[in-house]
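**Q** Sending over a structure as structure tokens; questions will come in a sec.
The values are calculated or read from the model by the stated rules, or taken from the named source; none is laboratory data. Every value quoted in this text rests on a predicted model; they were computed, and no experiment measured them. Cβ placement follows ideal geometry from the backbone for every residue including glycine, while neighbour counts extend to all protein chains displayed.
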């Protein structure tokens with residue numbers, strides 16, 4: 001893809017969301033010519049949808065965007081890894097080793113595969129969710145975090161699946177919750193309004209209301225970075 005240029009069950013407003021620290025977003029990209037994200041998880045968690053939302057949001061802000069979809073895309077439950085890079089001039093869709101600014105992990109164990117792309121400044125934003133591996137014992141959260149801390153100390157684990165299940169009645173939107181959270185907390189240098197507009201454009205109509213509620217839920221998150 002190339003280019004140059006429910007807070008709880010209930011009604012969600014379509015009015016613009018204000019970002020009081022938007023100047024900080026500009027400063028982030030002024031000091032850094034590109035932003036690299038690797039999303040890891042398993043089939044059925046909506047990684048491709050997240051990739052499309054991010055790409056649409058970044059393009060709407062005038063960035064050059066490159067994306068790549070890798071591994072097990074057609075196998076439900078299989079490992080999935082997607083890359084997105086955006087900035088001034090992006091030539092490759094793949095995030096190089098130790099070059100990710102953000103590893104967005106939708107499944108705990110899959111985050112270990114994302115560690116290849118991390119460095120000491122990389123942020124890990126992780127959904128506290130496990131998908132059992134057939135014939136293998138799952139690693140504990142403690143063991144996973146111990147391994148990840150060898151690469152970066154910037155690790156935030158959020159029970160996104162549990163939050164969405166409790167507040168919205170579905171955990172399938174945990175990825176959208178984490179993505180929205182990352183924008184509101186300025187972990188990703190994109191404006192929340194851009195993400196919301198991208199959600200409205202990318203998500204099919206029958207799922208749109210749930211995803212808008214998920215976005216709104218993330219805007220009121222009490223979890224702090």
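**Q** What number of residues in segment 33-56 are buried (at least 22 other Cβ atoms within 10 Å of the Cβ), in a loop (DSSP other than H, G, I, E, B) and in contact with a strand residue (DSSP E or B) (Cβ under 6 Å, 6 or more places away or on another chain)?
**A** 0
**Q** Let me ask another. Assuming residue 59 fulfils every condition listed in (1) at pLDDT 85 or above; (2) surrounded by 21 or more Cβ atoms within 10 Å (Cβ to Cβ) apart from one, which condition is it?
**A** Failing condition for residue 59: (2).
**Q** I've got another one for you. Only one residue in 148, 139, 125, 134 is surrounded by 12 or more Cβ atoms within 10 Å (Cβ to Cβ) and modelled with pLDDT under 95. Which one?
**A** The match here is 139.
**Q** Tell me, yes or no, whether segment 65-77 has at least one residue that is at pLDDT below 95, crowded, with 21+ Cβ neighbours inside 10 Å and either under 23 Å from residue 214 (Cα atoms) or out of contact with any helix residue (DSSP H, G or I) (no Cβ under 9 Å at 6 or more places or on another chain) (or both).
**A** No, every residue in segment 65-77 fails to be at pLDDT below 95, crowded, with 21+ Cβ neighbours inside 10 Å and either under 23 Å from residue 214 (Cα atoms) or out of contact with any helix residue (DSSP H, G or I) (no Cβ under 9 Å at 6 or more places or on another chain) (or both).
**Q** Here's another thing I want to ask about it. Looking for whichever is out of contact with any helix residue (DSSP H, G or I) (no Cβ under 8 Å at 6 or more places or on another chain), closer than 20 Å to residue 63 by Cβ and part of a helix (DSSP H, G or I) here; the options are 182, 198. Which one fits?
**A** 182
**Q** Being touching a helix residue (DSSP H, G or I) at 6+ places or on another chain (Cβ under 9 Å) and buried (at least 18 other Cβ atoms within 10 Å of the Cβ) is the filter here; which residues of segment 151-166 pass it?
**A** Selection gives 151, 155, 157, 158, 160, 161, 163, 164.
**Q** Sticking with this one: Mind listing whichever residues of segment 201-225 are more than 12 Å from residue 181 (Cβ to Cβ) and part of a helix (DSSP H, G or I)?
**A** 201, 202, 205, 206, 207, 208, 209, 210, 211, 212, 213
**Q** Of the residues in segment 167-179, how many are surrounded by 21 or more Cβ atoms within 10 Å (Cβ to Cβ) and part of a loop (DSSP other than H, G, I, E, B)?
**A** The qualifying residues number 1.
**Q** Shifting gears a bit: Could you look through segment 78-103, keep only residues that are out of contact with any helix residue (DSSP H, G or I) (no Cβ under 6 Å at 6 or more places or on another chain), within 18 Å of residue 178 (Cβ to Cβ) and modelled with pLDDT of 95 or more, and pick out the one that is surrounded by the most Cβ atoms within 10 Å (Cβ to Cβ)?
**A** So the residue we want is 102.
**Q** Next up: Answer yes or no: is there a residue in segment 209-223 that is farther than 15 Å from residue 57 by Cα, modelled with pLDDT of 95 or more and surrounded by fewer than 17 Cβ atoms within 10 Å (Cβ to Cβ).
**A** The answer is yes; a qualifying residue exists.
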